[in-house]
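The values are calculated or read from the model by the stated rules, or taken from the named source; none is laboratory data. Note that this is a predicted model, so its numbers are computed, not measured. A quick note on method: Cβ atoms are made from the backbone with ideal geometry, for glycine too, and the neighbour counts reach across all protein chains shown. Protein only, heavy atoms only, side chains kept; ligands, DNA and RNA dropped before computing areas. Shrake-Rupley method; radii C 1.70, N 1.55, O 1.52, S 1.80 Å.
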Amino acid sequence: MGAVIDNEVVTTRSNQDVFSGILQELAANDGQIVVVTSDSRGSGKLVPFGQKFPEQIVEIGIAEQNLVGVAAGLASAGKKAFAVSPACFLTARALEQIKNDVAYSDNPVRLVGISAGVSYGPLGTTHHSLHDFAVLRAINNIIIVAPADNFETEQAARLSAKINKPIYLRFGKKPMPLLNPCETSFEFGKGRIVREGDDLAIIANGETVYPALQAAEKLHHEHGINATVVSMHTIKPLDTVLLAKLAIDTGAIITVEEHGVYGGLGEACASYLLQHGYKKPFKIMGIPDEYTVTGSQAEILNHYHISKDGIADAAIQLLKTI
Amino acid sequence: MTERELAQKSIAYRKNILKYIVGANAGHTGGSLSCIDILNVLYNNFLNVSPETFASPDRDRYIQSKGHCVEALFVVLADKGFFAESDLETLCKYKSHYIGHPTRKVHGVEQNTGALGHGLPVAVGTALAAKMDKKAYRVFTLLGDGELPEGSNWEAALTASHYKLDNLCAIVDKNTLQITGPTADVCNTDPLDKKFETFGWSVTEVDGHDFKALNETLAKIPFETGKPNLIIAHTVKGKGISFMENQIKWHHGVPNKDQYIDAVDELNNALALV
């Protein structure tokens, strides 16, 4: 817990740091929990886990295909395997293992994509995961979750240990503010409303929920516009009940994600809405289909208007079309 | 089973492989015939698994990495009572679970395979779980020699020796032919024994159609304490049907009516000599 800024509690912990802490707590009470890493325990904040539970961590080395295959074998033999690797490598290099050995074979591996989106900033495209929602959405039998804050991360970690299904959890490196109300119940497949308003809905996930919320506050204070903000932490299965309600109750919809504009949260929402007769002004905000600009995570997101001001401006423009 | 019983069983299996491939008008004939003797010895003399014990966490595991030769696996599983043999009449038919690669929808199948280079990593994970849980079960996986260039095999080979998985046995069905041509011409993986030995494995070579040799070799596992086991099984693609042996066109060739009759005749004649 940290200081309260704009009614939000700011923590100094990243989601992957919180995830690591919860995993230690779970592992202390469940010897079947196993972490599988590909030389990624440092960036995954898993060094303390390895020190406390040396019998419950499997180091594979830099070999992501093998990481996922081995995790599938461990899972098939009853282990609660969490395969932790940078999201960029995990979901591209090992995609066929995810598709076949995890999802198709129904081996309940918990795939944990760390340093996701543009968390690695200036390291460039090789280290960005702007494709992971898209490729995993196209695979049958996998739950895809991008928690927004430490609360959702903790809940997602606990829930993923309980349910025996293939899951992809996506975390970033940035210390994240806690979004209100932090006592909200959490379920996979149920979007979390973090702010309510009638004029439009901003649907975001992962680390973009916070700037979406900041944008909503700005819209309210500077323009008298009231936005609902949703953390759509689960992209698959998508909370279509909430989506339909938002389409009925609000005037326009913006989606925001730290992902390419193709195949992610935005297109998932658009697909549902269009096929079910909801015609609303609609905008997808994400990383465009281009050679990604160089910079820190914040600079890259700002460049592509995934920021308080950028999202607020997009909302104003969209509402002008009504 | 005695060697004579195994020989008789393999002939029955070969007949069924051909019967159901002809029925499906699809299948991987040559490779199924090259690996069937290995599966025969594994399932009838070594694997601690049955329809009744398949849910047991202590069962031995068999993971078929060369999933395309599923017909060999299906006829053995049917024979072992995992399902009615008549189910195989639906092989590759609309809405059948008996598709052209192993799937867990079929009782007795451990893993869904078909994409190559996947069996060994999953087998490594399963064998590692046995070590972590101090369980005695063993994990066997069958690889084709044509799939060895897949890099995931070599990643898994490293992990297997790193974790000293002497409860893991990989068997290479080295029939030396793949769809394009001789495996040595497509991408030469020889000397295979030296490569795996360098990766920290204990390697044994065997005639993959010699029941006595297969029995003796499999009985020696682990070949060395603390090392994963590799058996290089020298086999013949299309084994048992003279006009199919060592002919690449039978990789996924389906016999026509006359060829099927000739093949069954040949197998019947062979049975009379066992």
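Things worth noting here:
- Helical mean residue ellipticity (222 nm; -39500 (n - 2.57) per DSSP H run of 4+; nearest 500) of chain B: -12000 deg cm²/dmol
- Across region A:253-314, Cα-Cα distances exceeding 13 Å account for 62% of all pairs.
- P(r) of region A:53-96 over all Cα-Cα pairs, binned every 5 Å from zero, in whole percent: 5, 23, 31, 24, 12, 3
- Residues in region A:213-244 reached by a label modelled at A:Asp309 [backbone nitrogen below 18 Å; 7 Å Cα→Cβ]: A:213-223
- The convex hull defined by the C-alpha atoms of chain A has an orientation-averaged projected area of 15.2 nm².
- A:Ala138-B:Arg104 pseudo-label distance in nm [points 7 Å out on the Cα-to-Cβ vector]: 2.4 nm
- Inter-chain shielding of A:54-67 (mean C-beta neighbours from other protein chains, 10 Å cut-off): 5
- When all protein chains stay in place and ligands, DNA and RNA are ignored, the 1.4 Å accessible-area order of A:Leu213, A:Leu274, largest first, is A:Leu274, A:Leu213.
- Taking the three principal axes of the alpha carbon atoms in region B:187-274, the coordinate ranges are 51, 34, 14 Å, sorted in descending order.
- Counting only protein heavy atoms and using a 1.4 Å probe, the accessible area of A:His128 comes to about 10 Å².
- Kirkwood hydrodynamic radius (C-alpha pairs) into Stokes-Einstein, region B:125-192, 10 °C and 1.306 mPa s, D in µm²/s: 120 µm²/s
- The accessible surface of chain A, taken with every protein chain in place and a 1.4 Å probe, is 52 percent carbon and sulfur.
- Once both labels are positioned 7 Å from their Cα atoms along Cα-to-Cβ, the gap between A:Gln51 and A:His223 label points is 4.9 nm.
- Considering only B:Leu39, B:Thr53, B:Tyr20, and ranking their Cα positions along the charge dipole of region B:1-97 that arises from unit charges at the beta-carbon of Lys, Arg, Asp and Glu, the one farthest toward the positive end is B:Tyr20.
- Degrees between helix A:64-76 axis and first principal axis of chain A (Cα, 0 to 90, nearest 10): 70 degrees
- Separation of the A:Glu299 and B:Tyr94 label points, Cα + 7 Å toward Cβ, nm: 6.0 nm
- For chain A, share of DSSP beta bridges that run antiparallel, in % to the nearest 5: 25 percent
- The distance separating the Cα centre of region B:143-189 from that of region A:21-90 comes to 26 Å.
- Using a 1.4 angstrom probe on protein heavy atoms only, the contact between A and B buries about 1900 square angstrom of accessible area, both sides summed.
- Fluctuation leader among A:His221, A:His131, A:His233 - chain A, Gaussian network, Cα springs under 10 angstrom: A:His221
- The simple Förster model, with R0 at 35 Å and r as the Cβ-Cβ distance, assigns B:Asn48 and B:Lys257 a FRET efficiency of 0.30.
- For the protein assembly as shown, the alpha carbon convex hull comes to 159 Å³ per residue, rounded to a whole number.
- Length available on full extension from A:Thr12 to A:Gln275: 0.36 nm per residue minus the Cα-Cα distance, which gives 90.5 nm.
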